[in-house]
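Below is one structure, written out as structure tokens; the observations come after it.
Please treat every number below as a calculation from the coordinates, not as lab data. Just so you know, these numbers come straight off a predicted model, no measurement behind them. Every residue, glycine as well, gets a Cβ built from its backbone with ideal geometry; the counts of neighbours run over all protein chains shown.
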Amino acid sequence: MNGLYSCIIAVSMYSKIPMPNVEWTGVRMRYVMCFFPLVGLAQGAVLGLWLHLALDVLNLSAAVSALVGAAVPLLVTGGIHMDGFLDTMDAIHSYGGREKKLEILKDPHLGAFAVISLAVYLLLYLGAANEYVQYLSGCEGDLRFLLYGMPALVFVMERAFSGLSVVLFPSAKKDGLAAGFARTAVKRTDRAVLAVWLALCMAIAFLLGWKMNGLAGACALSLGLGLVHLLVFWWYHRMSSNEFGGITGDLAGCFLQICELAGLALLAALLKTGGLGGHII
């Protein structure tokens, strides 16, 4: 029963999906990180459904479909991770000490660097989304439906890595969301479940890549996604340790947003360069 409560807490905390109200107790929060990737699965499902509706039912242009599609992840999560990204950008570019940076993370006001970072991020994200949807709109049959669901791999993997950071990395503060989840987590169980999520994503990526371009496509998609997430994960650990002395909920949100951008850009690049072939084998 506590697992069900952990699932409800995870989905209600990190998304706008309606869930029953439950009391947050230490026991009920033990396995929240295990269910965090479910939010990514829901995010991918909503995005896939939107692209199907936009391109196949409403016959919208690829540009409009991509523009609205780029907003879907923010709408599903309520922008909670983007808020962390913006706060982190302000803190990093303050060039102050650790205590000052941690104070900036708690400041509800946006600084100039947050606004600039948001503008750059959205331009890059829209560019990647447009390239992906432009390619998708020219596909037919089974390939088209595979591409509707492929971004879900990025959304799930980034959350599995984020959950691992909560149970592996030190917290920068004794209070706060990340510290609270880390303190109540059954870390051995959480690590095992999150590792299973990652293994499943890698296996699905391998099979999808194989379906599209044989062994070359399988290696390109699975190893590409794995490498991109590991590189951002390494940067996240290094940045959080050096700049803040550990992780916080805002830093985890920043990691998720950068992972999402990097992962979607990789998918678009693999499709545009022929790394995934362009047909179903």
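At-a-glance table
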{"read-out": "Members of 16/106; 187/211; 101/187; 16/100 lying beyond 25 Å, as alpha-carbon distances in this model show", "value": "187/211; 101/187; 16/100"}
{"read-out": "Cβ-based exposure ranking for 118, 194, 164, in which fewest neighbours within 10 Å come first", "value": "118, 164, 194"}
{"read-out": "Within straight-line cross-link reach of residue 272, aspartates and glutamates at Cα separation under 20 Å, skipping those fewer than 8 residues along the same chain", "value": "131, 140, 142, 260"}
{"read-out": "Listed values [x] 23.1; [y] 14.6; [z] 17.1, entry calculated as mean projected area of the Cα convex hull in nm²", "value": "[y]"}
{"read-out": "Sorted by Cβ density within 10 Å, fewest first, the residues 24, 234", "value": "234, 24"}
{"read-out": "Crossing angle, helix 62-77 versus the chain [Cα axis fit, 0-90 degrees, rounded to tens]", "value": "30 degrees"}
{"read-out": "For segment 76-223: rounded, prolate or oblate by the Cα gyration tensor [a/c cutoff 1.5]", "value": "oblate"}
{"read-out": "Förster radius 30 Å - calculated FRET efficiency between residue 188 and residue 25, Cβ distance, rounded to 0.05", "value": "0.90"}
{"read-out": "Angle in degrees between helix 2-14 and the longest Cα principal axis of the chain, rounded to the nearest 10", "value": "80 degrees"}
{"read-out": "Using distinct alpha-carbon pairs, which all enter the 1/r mean, Kirkwood radius of segment 1-85 in Å", "value": "14.1 Å"}
{"read-out": "Degrees separating the helix 80-92 axis from the principal Cα axis of the chain, which is the longest one", "value": "60 degrees"}
